[in-house]
Amino acid sequence: MSTPTTSSSPVEFSHVSKWYGDTVALSDVSFALRPGVTGLLGHNGAGKSTSLSLLAGYTGPSQGSVRVLGKDPRTDPSVHEQLGVVPDGDGLWPFLTARQTVEMLASQRRVKDPAAAAVTALERVGLTGSADRKVNGFSKGMRQRVKLAQALAHDPQVLILDEPLNGLDPAQRRADVELIRRLGGEGRTVLVSSHVLTEVERMADRLLVVVNGRLVAEGTGAGIRDLMTDRPRSIRIRTPAARELGGRLLAEGVVHGVEIEEDVLVVQTLQALALAGRLPRLARELDVLVHRVEPQGEDLESVFSALTSSARGVGR
């Protein structure tokens, strides 16, 4: 499922393979990223981290080519003047303050006024009030924000964000999701990885899914789930009218199985879109409240499992 790259794409993978001894981390992967936010999904060992390392120039491909803004990030250091990276690992100097960390990295990227750039970047990530505290006293979420600030300080055109929401509390997550979407909306090319499907869907308009070193799916989150239409969906509905709603949905054939426990209705369906359309109308007809609707078994591992099965035997 390789996508042809084009010379106008800010980020390009062209038939990229990477192996370490006898271990193949990536196999013939091609994609091109356009401005906006793209999500990269992959379980441990799928090739996600290898892909990000190649784009950051930390390693080079065994075969194929990687280009960022038309340059090889492994051999052309100038690409880093327009490339910002938030690594998964910490990599911060604990004896420096947040301001000193961001200023130093901004100066390394030849920013004309590193101090002013640090002020702006720290403000964007909500760390103005903690700018002069040493990093070793920061929570994991605050350290994540320092990494994001240093990646933004030189106003890069391309951003690579590896699990940027790790360690953030719910309020911080919402704020950073909005920030990442704004960064994409400003015309930057942003690639963000996450192991939480629903989380990355909130940030990204386009998703890439890597399984066992291969790109097995790309498109919107809804489009990727549509590839799994042969797998029943399990939906959890919290409502005081669980028995009444379950009976009607079952009678109408929108679901093929129901489980009821007090005010929780769990339904099984092969028609998730039809259920999404019918459920609110039915609640209005019956004049009942629906407090919460959430999918079950839609975690990333289940998506990978379904996509891996559907990808077997498909030419690449």
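Structure values in brief
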{"quantity": "Some residue of segment 215-231 being touching a helix residue (DSSP H, G or I) at 6+ places or on another chain (Cβ under 7 Å), among the basic types (Lys, Arg) and farther than 25 Å from LEU127 by Cα", "calculated": "yes"}
{"quantity": "Out of LEU197, LEU245, sole residue that is within 24 Å of SER49 (Cα to Cα) and of a type in the set (A, V, I, L, M)", "calculated": "LEU197"}
{"quantity": "Of all residues making up segment 159-174, the number that are within 15 Å of the chain's Cα centre (by Cα) and outside any loop (DSSP other than H, G, I, E, B)", "calculated": "6"}
{"quantity": "Residues (in contact with a Pro (Cβ under 7 Å, 6 or more places away or on another chain) and of a type in the set (Ser, Thr, Tyr)) located in segment 101-144", "calculated": "SER107"}
{"quantity": "Residue check for PRO73: surrounded by 22 or more Cβ atoms within 10 Å (Cβ to Cβ) and assigned to a loop (DSSP other than H, G, I, E, B)", "calculated": "yes"}
{"quantity": "Residues of segment 124-141 satisfying the condition of being part of a helix (DSSP H, G or I) and in contact (Cβ under 8 Å) with a residue 40 or more places away in the chain", "calculated": "ARG124, VAL135, ASN136"}
{"quantity": "Condition met for ARG214 (over 20 Å from VAL11 (Cα atoms), in the same structural domain as LYS112 (by TED's automatic domain parsing), of a type in the set (D, E, K, R) and crowded, with 18+ Cβ neighbours inside 10 Å)", "calculated": "no"}
{"quantity": "All helices (runs of 4 or more DSSP H) inside segment 189-273 with 1 or more residues being farther than 19 Å from PRO295 by Cβ and touching a residue at least 12 places away in the same chain (Cβ under 8 Å)", "calculated": "242-251"}
{"quantity": "Within segment 101-118, tally of residues that are assigned to a helix (DSSP H, G or I) and surrounded by 17 or more Cβ atoms within 10 Å (Cβ to Cβ)", "calculated": "9"}
{"quantity": "Hits in segment 61-80 - residues which are without any contact (Cβ under 8 Å) to a residue 24 or more places away in the chain and charged (D, E, K, R)", "calculated": "LYS71, ASP72, ARG74, ASP76"}
{"quantity": "Single condition LEU250 does not satisfy, out of (1) modelled with pLDDT of 90 or more; (2) touching a Leu at 6+ places or on another chain (Cβ under 7 Å)", "calculated": "(2)"}
{"quantity": "Given (1) in contact with a Ser or Thr (Cβ under 9 Å, 6 or more places away or on another chain); (2) in contact (Cβ under 8 Å) with a residue 60 or more places away in the chain; (3) within 17 Å of ALA151 (Cα to Cα), index of the condition LEU83 fails", "calculated": "(1)"}
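The values are calculated or read from the model by the stated rules, or taken from the named source; none is laboratory data. Here the structure is a predicted model, which means the values were calculated and not measured. Reconstructed Cβ throughout: ideal geometry from the backbone, glycine too, with neighbour counts over all protein chains shown.
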